[in-house]
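Read through the structure below, which is laid out as structure tokens, and then see the notes.
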Amino acid sequence: MGDVSYNKLVPSENASLAHDTVQYLRELIKLDTTNPPGNERIAADYLAGVLHAAGLEPVVMDSVPGRGNVIARIKGDGSAAPLLLYSHTDVVPVERDKWTIDPFGGIVKDGFVYGRGALDMKGITAMQLAVFLAIARERAAPGGPPQGRDINVAAPADEETSAQEGLGHLVEKHPELEAITQNLSITTLRYVPLNYPLNSENREAYLNKLNETLLN
């Protein structure tokens, strides 16, 4: 399996973004957040750690012990409506006898990332995280793009069952979270047909389009 040369798979300007996305996805897959019971706090803590390391200030909130929800914001100047990047970190149960690899191994094989949640929905979480961080870096750089809209990212728990310990909890119990409770443009792009080959034109189009949207 070994290392993957992303420069051979995507244009050079996207190679770093692709590399980061795949690394985030592999780490997320390794965290067993099967719902039930959930245990999404381990994923929330991982995401918060990555965001903290980039100089951002994520917030992690448990609806009940072990059911973690993470949000973060890149503050803009209010010149455009805020944007929420929404995903979720729980996954459906695994029938291990039907898997030929470790479903929580985060394995890269033949140009694909394998594991529970690669498509639903940790792949999108990883993409959004990579782009969110890229935009934060670009805005912070000298001579960077205008601040524009607030950009918010939310990766709650409990989408696969009731959502009451995830997005429902944030809306009901934390009205101070404007990123969740106010009217926003919400993007998941969940139904883009990715299939997760590392050289996917669909994935490249996703990253380019999302990057373009956030910079406007």
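The values are calculated or read from the model by the stated rules, or taken from the named source; none is laboratory data. Predicted, not measured: the structure shown is a model, and the values here were computed from it. Counting neighbours? That spans all protein chains shown, and the Cβs are built from the backbone with ideal geometry, glycine included. Ligands, DNA and RNA are stripped out before the accessible areas are found, and what is left, the full protein with its side chains, is counted by its heavy atoms. Shrake-Rupley method; radii C 1.70, N 1.55, O 1.52, S 1.80 Å.
Which residues, counting only those in region 75-95, are at pLDDT 95 or above and of a type outside the set (Asp, Glu)?
His88, Thr89, Val91, Val92, Pro93, Val94
Hey, could you check region 15-33 for residues that are surrounded by fewer than 19 Cβ atoms within 10 Å (Cβ to Cβ) and polar (S, T, N, Q) and say which is modelled with the highest pLDDT?
Among those that are surrounded by fewer than 19 Cβ atoms within 10 Å (Cβ to Cβ) and polar (S, T, N, Q), it is Gln23.
Any residue in region 116-135 that is within 14 Å of Ala54 (Cβ to Cβ) sitting within a Cβ distance under 6 Å of a residue that is open to solvent by 10 Å² or more (accessible area, probe 1.4 Å) and modelled with pLDDT of 95 or more? List the pairs, counting only those 6 or more apart or interchain.
Leu129/Tyr24; Leu133/Ala54
Given Leu119, Leu47, Leu129, which one is buried (at least 23 other Cβ atoms within 10 Å of the Cβ) and either out of contact with any helix residue (DSSP H, G or I) (no Cβ under 6 Å at 6 or more places or on another chain) or among the polar types (S, T, N, Q) (or both)?
Working: Leu119 fails: buried (at least 23 other Cβ atoms within 10 Å of the Cβ); Leu129 fails: either out of contact with any helix residue (DSSP H, G or I) (no Cβ under 6 Å at 6 or more places or on another chain) or among the polar types (S, T, N, Q) (or both).
It is Leu47.
Restricting attention to region 69-85, does a residue exist that is without any contact (Cβ under 8 Å) to a residue 24 or more places away in the chain, open to solvent by 70 Å² or more (accessible area, probe 1.4 Å) and among the acidic types (Asp, Glu)?
Among the residues of region 69-85, not one is without any contact (Cβ under 8 Å) to a residue 24 or more places away in the chain, open to solvent by 70 Å² or more (accessible area, probe 1.4 Å) and among the acidic types (Asp, Glu), which makes the answer no.
Answer with yes or no whether Pro142 is open to solvent by 20 Å² or more (accessible area, probe 1.4 Å) and either assigned to a loop (DSSP other than H, G, I, E, B) or without any contact (Cβ under 8 Å) to a residue 12 or more places away in the chain (or both).
So Pro142 fits the description; yes.
Considering only region 185-205, I want to know if a residue exists there that is modelled with pLDDT of 80 or more and touching a strand residue (DSSP E or B) at 6+ places or on another chain (Cβ under 8 Å).
No, region 185-205 has no match at all.
On the given criteria, is Leu56 at negative phi, crowded, with 20+ Cβ neighbours inside 10 Å and either modelled with pLDDT of 95 or more or assigned to a helix (DSSP H, G or I) (or both)? Can you show your working first?
Numbers: at negative phi: yes; crowded, with 20+ Cβ neighbours inside 10 Å: no; either modelled with pLDDT of 95 or more or assigned to a helix (DSSP H, G or I) (or both): yes.
Against the criterion (at negative phi, crowded, with 20+ Cβ neighbours inside 10 Å and either modelled with pLDDT of 95 or more or assigned to a helix (DSSP H, G or I) (or both)), Leu56 does not qualify.
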